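The values are calculated or read from the model by the stated rules, or taken from the named source; none is laboratory data. Bear in mind the structure is a predicted one, so any value in this text is a computation, not a measurement. Glycine gets a Cβ as well: all are built from the backbone with ideal geometry, and neighbour counts include every protein chain shown.
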Amino acid sequence: MSRPKVLYVLAACTLLLSTGFFPVQDAAADTIQLRYANFPPAPTFPCVQMERWKAEVEKRTNGQVRIQTFPGGTLLDAKDMMDGVIAGQADIGCFSMAYQPGRFFLTNALSLPLDIPSAKVGSLVLWDIYQAYQPESFAKVKVLTMFTTAPANIMSKTPVRTLAGLRGLDLRASGGAAQILKAWGANQVGMPMSDTPEALQKGVVQGLFSSLEVMKDLKFAEICRYVTMTDTVIYPFAVVMNLDAWNGLPESVRNVMDDLRVEQAQWTGEYMDQHVEAALKWSKAEHGVEVIRLSSEEKVRWDALLTPIIDKWIEEAKAKGLPAEAIIKDIRTRLAVRGGR
Ligand code: 3IO
């Protein structure tokens, strides 16, 4: 090709590109980038569900949306998540409602001792309750999904077999789970899960009260050789999106994300339930972890201490003008409908 011809072809290409003639170029120019912040380390379940959601959204939008994930508090920390998303420091954020129990008062009703049997049931009922009551605390964000952990149990350096053995023991928990530890007489120490590995290492705490998959995912089985089964309470989570970012999305993308709300809740619940089983097996096989089950007489004593917790929540909820008894009844009915494990 002669020099003028080359120039002519180049000019023509530039024109075609700039007018968006090539669909591929068009798609690349339209790619929507979203930043998704998370607080705990990548191997933990909040990050596993984040990667699954990212993959589904990217697939279902044919790559129109690209999501950059930030595990381990690299973009926003545990307690900054909601405000950081509202301020637009991240487009999307995942958080544990237990870290700000007053702020997420209504949805933290799910972290009362209500015998939620599994993460799957907990996640679906949490979503139902959020939808039914539309709490003010989520008014400034778009809620993309919610889910819960499996029931919490005690992981400890020394065995806990009785209430007497629990009294005064320094154990880490947050929110509703922390209230329960207190009622049992433990010395409850509040901090996010993301600060717990160091606290256990340094001996600031002697164990924790949360769902058991962290025995494997955060290698707590290396330090906590004992698990006491209580199956009393779950931790509720939310994934929220900045409202401006949400409103700026094309309708087709919003539909993809809306379709994922309940599906993601159920996927995460099911993942959590099977992963707790796997982590427990691994902990026994790799670290000889002992699983302690309370005798039925002992269990009656533990349970008896928990009734005032629900009564106290009802009292506080009424003071806030919430239909307190109706909410608790609603949760119980939905738990019965959603069924067992
Ligand atoms: C949790 C939080 C971060 C990573 C793994 C986790 N497994 C259970 C929880 C629940 C929770 O928020 C907590 O602090 O125990």
>> Restricting to the stretch 204-230, and then to whatever is closer than 22 Å to residue 179 by Cα and free of Cβ contacts under 8 Å to residues at least 40 places away in the same chain, can you tell me which residue is farthest from the ligand (Cβ to nearest atom)?
In response: 204
>> Considering only residues that are surrounded by fewer than 19 Cβ atoms within 10 Å (Cβ to Cβ), hydrophobic (A, V, I, L, M, F, W, C) and touching a Pro at 6+ places or on another chain (Cβ under 8 Å), which ones fall in the stretch 33-59?
In response: 42
>> Six or more apart or on different chains, Cβ atoms under 6 Å: show the pairs whose first residue is in the stretch 42-64 and among the β-branched types (Val, Ile, Thr) and whose second is within 16 Å of the ligand (Cβ to nearest atom).
In response: 44/217
> Is the stretch 2-13 home to any residue that is at pLDDT below 95, surrounded by fewer than 15 Cβ atoms within 10 Å (Cβ to Cβ) and of a type in the set (S, T, N, Q)?
Replying inline: yes
> If residue 177 satisfies every condition in (1) in contact with a strand residue (DSSP E or B) (Cβ under 9 Å, 6 or more places away or on another chain); (2) in a loop (DSSP other than H, G, I, E, B) but one, which is the exception?
Replying inline: (2)
>> Of the residues 233, 160, 240, only one is within 14 Å of the ligand (Cβ to nearest atom) and in contact (Cβ under 8 Å) with a residue 60 or more places away in the chain; which?
In response: 233
>> Filter the stretch 215-272 down to the residues that are aromatic (Phe, Trp, Tyr) and either under 29 Å from residue 286 (Cα atoms) or at pLDDT below 95 (or both) and list them by number.
In response: 220, 226, 235, 267, 271
>> Restricting to the stretch 168-202, count the residues that are surrounded by fewer than 16 Cβ atoms within 10 Å (Cβ to Cβ) and either in contact with an Asp or Glu (Cβ under 9 Å, 6 or more places away or on another chain) or modelled with pLDDT under 95 (or both).
In response: 1
> Just wondering, is there one or more residues in the stretch 255-265 that are over 30 Å from residue 64 (Cβ atoms) and touching a helix residue (DSSP H, G or I) at 6+ places or on another chain (Cβ under 7 Å)?
Replying inline: no
>> For the stretch 73-109, which positions are assigned to a helix (DSSP H, G or I), under 16 Å from residue 193 (Cβ atoms) and hydrophobic (A, V, I, L, M, F, W, C)?
In response: 78, 81, 97, 98
>> I'm trying to understand the selection: among the residues of the stretch 34-78, which are among the basic types (Lys, Arg) and within 16 Å of the ligand (Cβ to nearest atom)?
In response: 52
> residue 121 is checked against (1) farther than 20 Å from residue 300 by Cβ; (2) hydrophobic (A, V, I, L, M, F, W, C); (3) within 16 Å of the ligand (Cβ to nearest atom) and fails just one. What number does that condition carry?
Replying inline: (3)
>> For the stretch 163-198, give me each residue that is under 15 Å from residue 223 (Cβ atoms), in contact (Cβ under 8 Å) with a residue 12 or more places away in the chain and more than 12 Å from the ligand (Cβ to nearest atom).
In response: 169, 170
>> Of everything in the stretch 279-313, what is crowded, with 17+ Cβ neighbours inside 10 Å and either closer than 30 Å to residue 327 by Cα or of a type in the set (Gly, Ala, Ser) (or both)? Give them in sequence order.
In response: 279, 283, 302, 306, 309, 313
> How do the pairs read when you match residues in the stretch 312-336 that are touching a residue at least 12 places away in the same chain (Cβ under 8 Å) and not assigned by TED's automatic domain parsing to the domain that holds residue 126 with residues anywhere that are part of a loop (DSSP other than H, G, I, E, B) and among the β-branched types (Val, Ile, Thr), using Cβ under 7 Å and keeping only pairs 6 or more apart or on different chains?
Replying inline: 335/116
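For the stretch 257-267, what are the residues that are more than 16 Å from residue 130 (Cβ to Cβ) and buried (at least 18 other Cβ atoms within 10 Å of the Cβ)?
From the stretch 257-267, those more than 16 Å from residue 130 (Cβ to Cβ) are 259, 267; that's our starting set.
Matches in the stretch 257-267: 267 only.
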> When you go through 63, 84 one by one, which is the residue that is surrounded by fewer than 20 Cβ atoms within 10 Å (Cβ to Cβ) and either assigned by TED's automatic domain parsing to the domain that holds residue 182 or over 15 Å from residue 239 (Cβ atoms) (or both)?
Replying inline: 63
>> Between 79, 157, 140, which is closer than 27 Å to residue 200 by Cα and not assigned by TED's automatic domain parsing to the domain that holds residue 226?
In response: 79
